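Input: a single structure, listed below in structure tokens.
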Amino acid sequence: MEPDHWSSEHSDALRDYFFKGLSYAEIGRWINARFGTAYTRNAVIGRAKRLGLAIGAPERMISPSIVPSLPGESAPLARLRAAPPGLNLPPPSALKPANPVKLRCVGVQPRLITLDELERGDCRYPYGGDKEGETISFCGHPRQPGSSYCAPHARLTCGPGAARTAAAVVLRLVSAA
């Protein structure tokens, strides 16, 4: 790692340009033009971090009236930066997790049998048990060969890359509420 060669004048200029809202690449160009240095954008970012300047802080927004011009240029830089994405935050209520929607499988009328009543070839798709003390029951329809579930529940639980059988069962999920 290279030693830090930033003089206090250079650091002060970095702070000034940072609070005027220039990008790190622009800050590097301004400092290089002003002091005859060769700082890269990454060097400016590293120095800004060491100085405790926040990357993407809202105070980095600029207006055309405070944009300086490079030495030898008569017009200021015309390019304005877009607003940081964090400025248009949704209301705090929108950031709270949504209540889960209880889904049920349409097209399957489960037998709702208990664990003790399950036979060897019955579907083991569970129902209930969401609330404290609620009993768990199972679908109980004849299961698909090579699966613990009947055809509709096997399709419901399989991922997109799972092997499909020739039986075509269309399921539609709807809100239980």
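Scanning segment 120-177 for residues that are closer than 18 Å to residue 107 by Cα and basic (Lys, Arg), which turns out modelled with the lowest pLDDT? Once the filter is applied, the top-ranked residue is 172. Take the residues in segment 17-33 that are modelled with pLDDT of 90 or more and open to solvent by 30 Å² or more (accessible area, probe 1.4 Å), then tell me which one is farthest from the chain's Cα centre (by Cα). The selected residue is 33.
Residues in segment 34-50 that are in a loop (DSSP other than H, G, I, E, B), open to solvent by less than 80 Å² (accessible area, probe 1.4 Å) and free of Cβ contacts under 8 Å to residues at least 12 places away in the same chain: 36 alone.
The values are calculated or read from the model by the stated rules, or taken from the named source; none is laboratory data. This one's a predicted model, so the numbers in the text were calculated from it and none came from an experiment. All Cβ positions, glycine included, derive from the backbone under ideal geometry; neighbour counts span all protein chains shown. The accessibility values were calculated without ligands, DNA or RNA, using every heavy atom of the protein model including side chains. Shrake-Rupley method; radii C 1.70, N 1.55, O 1.52, S 1.80 Å.
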